[in-house]
Amino acid sequence: MIDKNCRHYPCHKDIEDCRWCFCPIYPCFNGTTKGKLIRRSDNKSLVWSCINCTWPHRKENSERLKGYGLNSISGLYNKKIELLNMRVRDSGNPERAIEVLKKIKGIDNFLLLNAEQKNKILELERKEERRTGRINLGVREAIYRKNTVCCSHDDSFREPPMAVVIGVNKREIVGEQNNDGFRFYGQNKEMEGYVLPGLPFPELDKAGKNVVSSSPCYESDAYLREMIKIGDDEATLLLGFD
């Protein structure tokens, strides 16, 4: 059941209004912003289903979901990776990926993270989530990939290909933020929290699979800065791929 101390927005401590705790692939941010709770095939529990989403109805997925209580973001994304089989046998080549990155304007200082460094970043991100309530899903996705590369970038690096922050209010994604500022989609201008999604990084599509990029929180950024030795005019970026 729902953790009464759940801090994973948007959780309203009400089974009829909780998405994080039930859907193993929410938020997929595929353009769907609303949905409903449906009965699973065992008829004993509910699962969130976005409108027009058939994922929970598929027999193989419903069977895999049985008995699995998803009451944390980390549990949700671990299960998401397992269920969607995002880890591939022929994983990407990190050395090749770094060679590609070296040719991109504004990117420098590369480091392939080990398991200890990845765990440290997750620890810092969880601390930031507890403090601010802002969920950085992009960092989690990058860390959960088989290969995670940290690099630095400056102002000459290209702009993000999509919104870097998504504003949410109850059951609706209400707006997004990019370099031009925050933009609301419609008349609903109330927000209860923010989500930082993983961003595509098309330059690495030939060097690996399931490529995702994200900027870490302040403390993770400070931790990574110390390792790759960069100045105040640069920022860190995480790139994950299988």
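The values are calculated or read from the model by the stated rules, or taken from the named source; none is laboratory data. The shown structure was predicted, so the numbers you read here are calculated from the model rather than taken from an experiment. Note that each Cβ is placed from the backbone with ideal geometry, even for glycine, and that neighbours are counted across all protein chains shown.
Key figures for this structure:
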quantity: Residue 118 vs. criteria modelled with pLDDT of 90 or more, out of contact with any Leu (no Cβ under 8 Å at 6 or more places or on another chain), surrounded by 13 or more Cβ atoms within 10 Å (Cβ to Cβ) and not acidic (Asp, Glu); calculated: yes
quantity: Selected residue (criterion: nearest to residue 97 (Cα to Cα)) from residues of region 190-208 that are surrounded by fewer than 16 Cβ atoms within 10 Å (Cβ to Cβ) and within 19 Å of the chain's Cα centre (by Cα); calculated: 205
quantity: Single unsatisfied condition, residue 150 versus (1) assigned to a strand (DSSP E or B); (2) out of contact with any Asp or Glu (no Cβ under 7 Å at 6 or more places or on another chain); (3) outside the structural domain of residue 112 (by TED's automatic domain parsing); calculated: (3)
quantity: All positions within region 138-162 that are among the hydrophobic types (A, V, I, L, M, F, W, C) and crowded, with 20+ Cβ neighbours inside 10 Å; calculated: 139, 142, 143, 149, 150, 151
quantity: Those residues of region 185-236 which are among the aliphatic types (A, V, I, L, M) and over 30 Å from residue 174 (Cα atoms), in sequence order; calculated: 204, 207, 222, 224, 227, 228, 230
quantity: Region 209-242, subset assigned to a loop (DSSP other than H, G, I, E, B) and either in contact with a Ser or Thr (Cβ under 7 Å, 6 or more places away or on another chain) or among the hydroxyl-bearing types (Ser, Thr, Tyr) (or both), residue surrounded by the most Cβ atoms within 10 Å (Cβ to Cβ); calculated: 216
